[in-house]
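Notes follow once the structure below has been shown.
None of the figures in this text is laboratory data; all of them are computed from the coordinates on show. Treat the numbers as computed from the prediction; the structure is a model and nothing was measured. Glycine gets a Cβ as well: all are built from the backbone with ideal geometry, and neighbour counts include every protein chain shown.
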Amino acid sequence: MLDYHIHITRLPHPENISSILVERGYRANIIACTPKEWVETVAILPIWKDFATPCFGIHPMEGLFPQKKLPHLYELLENHPKAFVGECGLDKRFPGYELGSFQEKSFILQAKLALEFKRPLMIHCVGDYRRILSILEDIGYPQEDSPIIFHRFGGDKETVIRGLQLNAIFSLHANSRKKASTRDAIPLIPKSSLRFETDADESFVPKFFKESSPTASAIADKLIEELSKIQF
């Protein structure tokens, strides 16, 4: 069981949840998309051993990539040779989404970093998938060692067709089936390019639990249940 995108450090009791999930054979890509989360993720990686891959980047809601943090990101990628770059991308709900604005600049910086380190690129897109694809094409994708990953995929058939030309992986969330255009596109994705994710973060507990402080075991059980529902 592989959760392709989870914000484990945003959940309550992340150390305890991690231990329980590892005991149950749960594997995960652990997303750290702020400098604070980079540090928190590194701290819990020993619990996961070989069961997790860290992903280090800056989310578009965080604004312009903080240049003073770039040496830290280089260090993380050097120290964790299997780490992905991201989650990064474009999100029309937040400032800086306009053409040429700081979301785009931050995304390009991280996409180029993934090419430099020959790492997968974890992409967040709320808005224009075609714009994302064009940016990637312009800076030299596809590259065999740097696949792109559309996390919580919500694109259409054209996105799938163009994405596959860039060696894309499509990570599906429960919400990926809400839009008719995405439902129609999913059958075009080869099974080898499909992944599944909970995208669990600080909203996970309020969404699924009436009580305010569920146990780590209960949260782990719910993560496993939700991921099982998505896979097919």
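Observations, loosely collected:
- When peptides 81-88, 139-146 are sorted by average Cβ neighbour count within 10 Å, with the highest value leading, the order is 81-88, 139-146.
- If R0 is taken as 45 Å, the Cβ-Cβ distance between Tyr74 and Glu225 corresponds to a FRET efficiency of 0.75.
- Links that overshoot a 22 Å alpha carbon limit, given the list Lys178/Lys207; Lys157/Lys178; Lys157/Lys191; Lys69/Lys118; Lys82/Lys178; Lys118/Lys178: Lys82/Lys178; Lys118/Lys178
- Listed peptides 63-70, 122-129 by packing density, highest first (mean Cβ within 10 Å): 122-129, 63-70
- Cβ-Cβ FRET estimate between Glu158 and Ser217, R0 fixed at 41 Å, reported to 0.05: 0.40
- For segment 113-118, putting each phi into the Karplus relation 6.51 cos²θ - 1.76 cosθ + 1.60 with θ = phi - 60° gives couplings of 5, 4, 5, 4, 8, 6 Hz, in residue order, rounded to whole numbers and with x for Gly and Pro.
- Residue order for Ile135, Ile30, Ile161, fewest other beta carbons within 10 angstrom first, comes to Ile161, Ile135, Ile30.
- Alpha-carbon centroids, segment 3-81 and segment 85-133: separation in whole Å: 18 Å
- For Phe196, residues with placed amide H under 5 Å, excluding near neighbours: Tyr4, Leu172
- Here the Karplus relation 6.51 cos²θ - 1.76 cosθ + 1.60, evaluated at θ = phi - 60°, turns the backbone of segment 56-62 into coupling constants of 10, x, 10, 5, x, 5, 7 Hz, with x for every Gly and Pro.
- Estimated inter-spin distance, Arg27 and Gln143, nm [label 7 Å along Cα→Cβ]: 2.4 nm
- Within-14-Å neighbourhood charge of Ser134 [Cβ basis; K, R +1; D, E -1]: -2
- Entry note: segment 1-122 has Rg to Rh equal to 0.99, where both radii use alpha-carbon atoms and Rh is the Kirkwood radius.
- The GluC sites (Glu not before Pro) of segment 154-232 that meet both conditions, a loop assignment by DSSP and at most 12 other Cβ atoms within 10 Å of the site Cβ, are Glu202, Glu211.
- For the chain: relative contact order, % (alpha-carbon pairs under 8 angstrom, 6 or more apart): 20 percent
- Spin-label pair Asn175/Leu2, simplified geometry with 7 Å Cα→Cβ offset, distance in nm: 2.4 nm
- Dividing the summed -39500 (n - 2.57) terms of all DSSP H runs of n ≥ 4 by the residue count of the chain sets its mean residue ellipticity at 222 nm at -12000 deg cm²/dmol.
- Along segment 178-183 the Karplus relation, 6.51 cos²θ - 1.76 cosθ + 1.60 evaluated at θ = phi - 60°, assigns HN-Hα couplings of 6, 8, 4, 5, 6, 4 Hz to successive residues, with x for each Gly and Pro.
- The listed peptides 35-48, 108-121, ordered by packing as a protection proxy, come out as 108-121, 35-48 (highest mean of other Cβ atoms within 10 Å first).
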